[in-house]
Amino acid sequence: MGAKGIRLALTLMILAVVVPCVMAAQVPASAVSTVEGSLSPLTLDTPIEQIASSPAGKAILNKELPGLTSNIMYSRFKKISLKKLQPMSGGRITDQALARIQMELAELKANSR
């Protein structure tokens, strides 16, 4: 196994330990969002599964973070936000990617009005 493979394995092991702890924080029902008629806008603080539940939100995630929603660990981190996942990503989720995602999510909200 090369250095990249070892880093990936270590990252996945860390996520397997850390993510369940973060997932323990429950999201109140009042915070549930969808692009159409949402109670609150989709942001970088929105749980990933809520963003991915919208076809447009999932398209944004797939464009900016290819493989995120098909990752074998998705079920372990889908309940946390992109902001919380970023420090656990080993540099794979960059500030630039988050900025682009935030901009595109804001455009979805603006276009749904």
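When the stretch 58-88 is examined, which residues are found to be within 16 Å of ASP45 (Cα to Cα) and polar (S, T, N, Q)?
SER81, GLN86
Of everything in the stretch 37-69 that's in a loop (DSSP other than H, G, I, E, B) and of a type in the set (Gly, Ala, Ser), which residue is surrounded by the most Cβ atoms within 10 Å (Cβ to Cβ)?
Once the filter is applied, the top-ranked residue is SER54.
Residue check: is SER33 modelled with pLDDT under 90, small (Gly, Ala, Ser) and in contact with a Leu (Cβ under 6 Å, 6 or more places away or on another chain)?
Here the answer is yes, as SER33 does meet what is asked.
Looking at (1) modelled with pLDDT under 65; (2) part of a helix (DSSP H, G or I); (3) surrounded by 16 or more Cβ atoms within 10 Å (Cβ to Cβ), which is the one condition that is false for VAL17?
Result: VAL17 fails condition (3) only.
Counting just the residues of the stretch 73-84 that are in contact (Cβ under 8 Å) with a residue 60 or more places away in the chain and in a loop (DSSP other than H, G, I, E, B), which one comes out nearest to GLU107 (Cα to Cα)?
Only one residue tops the list, namely ILE80.
The values are calculated or read from the model by the stated rules, or taken from the named source; none is laboratory data. As the structure is a computational prediction, the values presented were derived from the model and not from experiment. Because the Cβ atoms are built from the backbone with ideal geometry, glycine has one as well, and the counts that use them run over all protein chains shown.
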